[in-house]
Amino acid sequence: MNVLRFEVKKLWLFTLFWSIGLVFGLLLYMAFFPTMAADPSAMNAILENFPGEFLSFFGLDSALPFNTILGYYALTISFIMGAIAIHASYLGLSILSIEERELTADFLMTRPISRQSLFIQKLGAACFHLGVVYIVINISSILSVMLFRSGQSVDYTKLLTFTTSLLFFQLFFLSLGILVSLVIPKFDNVVSYAMGIGFGLFIISSFGDMLSIDIVSYFTAYGYFNPNEVLVNGLSIISMLLNTLWIVITIGIAFKLYLTRNIHTV
């Protein structure tokens, strides 16, 4: 378990700063809701001037009005999810590739530890950091809705259903990041790849919503866990199954690739 403990300690500050940033962003956006809720007609008048495609791109849905606390939360968290996806992608991209990038693979490969154990311990460390962010986002989501709901009633069951699903959303990007790190022979800038995955799939999903191309939603976790969809209709069993299948397959392929990978040493 030495590798797991080492990776948990090494990434602790990274996860701490991301958690603080996510909480700050969520609370900052949610703090504007009382002002908007005080004059909902003004906000509705503004939104009526935008075409439906534009509103769909940004996740606005008439089934969950923007002037309700859950509607406003759905819009806010849809942007925060981009940052959550980047964090999970970064963990996936870096956790197995860091020794090759920092030219320290010689030390690791000469230790009396199998590659199977290395993979499992590093995956466990990444899941630990994922869990920390997951708990932080869950608590801050509930607190922000309670603090800024402006007297509106809240269906906390729906809110908890959505926040629970965020763990599966994170695992999608973690597994994708791990797979990409093993498919690409060598890369130096992990941040740019993580941002490409996080923002790239967000834009693809948003264009799918804007153009009403439903099939696009089956290829990204943004489609599986669309905030408006989950907060109105609950979790889709098909989406959960597809997401779980994706995670199992990508982790399985990554495990096989890591066992046979020609790890570059100095």
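The values are calculated or read from the model by the stated rules, or taken from the named source; none is laboratory data. Being a predicted model, the structure only gives us computed values, none of them experimental. Note: ideal-geometry Cβ built from the backbone for every residue, glycine included; neighbour counts use all protein chains shown. Surface areas here come from the heavy atoms of the whole protein model, side chains and all, with no ligands, DNA or RNA. Shrake-Rupley method; radii C 1.70, N 1.55, O 1.52, S 1.80 Å.
How much length is gained if the chain between Leu241 and Arg261 is pulled fully straight, taking 0.36 nm per residue apart and subtracting their Cα-Cα distance, in nm to one decimal?
Once the chain is fully extended between Leu241 and Arg261, it gains 4.2 nm.
Restricting things to alpha carbons, tell me how big region 136-265 is in terms of Rg and Dmax, in Å.
Rg and Dmax of region 136-265, Cα atoms, are 17.5, 61 Å.
Less than 11 Å Cβ to Cβ from Ala125, Lys/Arg counted +1 and Asp/Glu -1: what total charge do the surrounding residues give?
Charge balance near Ala125 sits at +3.
Net charge around Ser165, counting only other residues with Cβ within less than 13 Å of its Cβ (Lys, Arg = +1; Asp, Glu = -1)?
Here the charged neighbours net out to 0.
Net charge near Ser175: determine it from the other residues with C-beta under 14 Å of the C-beta of Ser175, scoring Lys and Arg +1 and Asp and Glu -1.
Combined, the nearby Lys, Arg, Asp and Glu give +2.
Given +1 on the Cβ of Lys and Arg, -1 on the Cβ of Asp and Glu, and no further charges, what dipole in debye does the chain carry about its Cα centre, rounded to the nearest 20?
1060 debye
Might you tell me the accessible area per residue for the chain, computed with a 1.4 Å probe and given in Å²?
Counting only protein heavy atoms, the per-residue value for the chain is 49 Å².
Mind checking the alpha-carbon convex hull of the chain and giving the volume per residue in Å³?
Cα-based convex hull of the chain, divided per residue, equals 123 Å³.
Add -39500 (n - 2.57) for each DSSP H run of 4 or more in the chain, then divide by its residues: what number comes out at 222 nm, to the nearest 500 deg cm²/dmol?
Working: 14 runs with 203 residues, N = 266.
Here the helix-only value at 222 nm equals -25000 deg cm²/dmol.
Is the shape of region 81-127 rounded, prolate or oblate, going by the alpha carbon gyration tensor and its root eigenvalues a ≥ b ≥ c, with a/c under 1.5 for rounded and a/b larger than b/c for prolate?
Note, shape of region 81-127 comes out oblate.
Once neighbouring chains are kept in place and the probe is 1.4 Å, which whole percent of the accessible area of region 143-266 is contributed by carbon and sulfur? Let's see the in-between values first.
Values: 4470 of 6410 Å².
Carbon with sulfur: 70 percent of the solvent-accessible area.
With +1 on each Lys and Arg Cβ and -1 on each Asp and Glu Cβ, how big is the dipole of region 80-203 about its Cα centre, in debye rounded to the nearest 20?
220 debye
For region 136-266, with only Lys/Arg (+1) and Asp/Glu (-1) charged at the beta-carbon, what is the dipole magnitude about the Cα centre, in debye rounded to 20?
340 debye
Could you grab the relative contact order for the chain? Cα pairs under 8 Å, six or more apart, rounded to a whole percent.
31 percent
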